[in-house]
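Student: Just dropping this structure here.
Just so you know, all these numbers are worked out from the coordinates, no wet-lab data involved. What you see is a predicted model; the values in this text were computed from it and never measured. Neighbour counts are summed over all protein chains in view; Cβ atoms, including those assigned to glycine, are modelled from backbone coordinates with ideal geometry.
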Amino acid sequence: MKKIHYGIFAVPFIILVWVLAASHYPALVFPGPLKTFAELKKQLITPDFYHHIGISLYRLFVGFAIASVCAFVVGLLAGISKQFRQFLTPMVMLFQATPPMAWAPLLILLLDLGNAPMIAVIVIAAFFPIVVNVIQGMEQIKVSHIRAAQTLGANRFQLAWHVYLPEVMPSAFTGMVVGFGIAWRSLVAAEMIGGNAGLGWLISSSGQIGNSPLVMVGIITIGILAMFFELVLLHPLKKRFASWAPRA
């Protein structure tokens, strides 16, 4: 008998709770599934809806790519050099303890409205979870693997490519999954505070004019996109490039 995957019950459960909660409030305040999906159907044929999605995704992927590359480089250097790691640790602790959204007002003042401050928020949000995990991955590399490669004549570049990078990938991808979630939430919040477009701005502006069905559509869209990219992009990449090094 085929085993039941209990995840299939999550969506009906959420809809049931949603219906029960919406029944206690006026539709203009908290719309139920029927009004929300009617608004979603309307937005799916509206070009502006896709424009806001595109703006948010552009900011997300540019910022996340910059954060990932920088975190990989800095994390590898910190793993190789004890002195650089000691220099880096206080800064990582300081910035990681600061919510990324705390930087948003200052970044908007420095970089003006538009893509630049939103991308900067994403870089700050995603960089530190990734770099911390890369450093931890470097610290878990077995000395015997490094010595074996050196015995075989590996130079620094070969050591980094054939030993450090493969060994650190599982930890790095874990950091990327965490960093992606933080970056996505930070972007939406930043767009709500100082954006002029994007899903966060759409939710904020819709709430200000009392269009609660569109607010719910924006929230649902954010959740669906986050699940899509994590399940379709990040986890398959982790399985493809980091499945060979499980650690107990």
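Student: Ranked by Cβ crowding within 10 angstrom, fewest neighbours first, how are LYS239, LYS35 ordered?
Tutor: LYS239, LYS35
Student: Cα centroid distance between region 14-28 and region 81-124, in Å?
Tutor: Taking the Cα centre of region 81-124 as reference, the centre of region 14-28 is 39 Å away.
Student: Among VAL168, VAL163, which comes first, then next, by fewest other beta-carbon atoms within 10 Å?
Tutor: VAL163, VAL168
Student: Here are some values of volume of the Cα convex hull per residue in Å³: [x] 142; [y] 99; [z] 178. Which one was computed from this structure?
Tutor: From the options [x] 142; [y] 99; [z] 178, the structure gives [z].
Student: Membrane-span-like helices in the chain: DSSP H runs reaching 24 Å or more (Cα, own axis), mean Kyte hydropathy at least 0.0?
Tutor: Correct list, ordered by number: 47-80, 115-139, 165-194, 212-229.
Student: Place the peptides 10-16, 194-200 in order of packing, highest mean first, counting for every residue the other Cβ atoms within 10 Å and averaging per peptide.
Tutor: 194-200, 10-16
Student: What number, in percent, do you get for the relative contact order of the chain if the mean sequence gap of Cα pairs under 8 Å and at least 6 apart is divided by its residue count?
Tutor: Once divided by the residue count of the chain, the mean separation gives 25 percent.
Student: Provide MET138, MET227, MET176 in ascending order of the number of other Cβ atoms located within 10 Å of each residue's Cβ, fewest first.
Tutor: Numbers: MET138 20, MET227 10, MET176 27.
The most exposed by this proxy come first: MET227, MET138, MET176.
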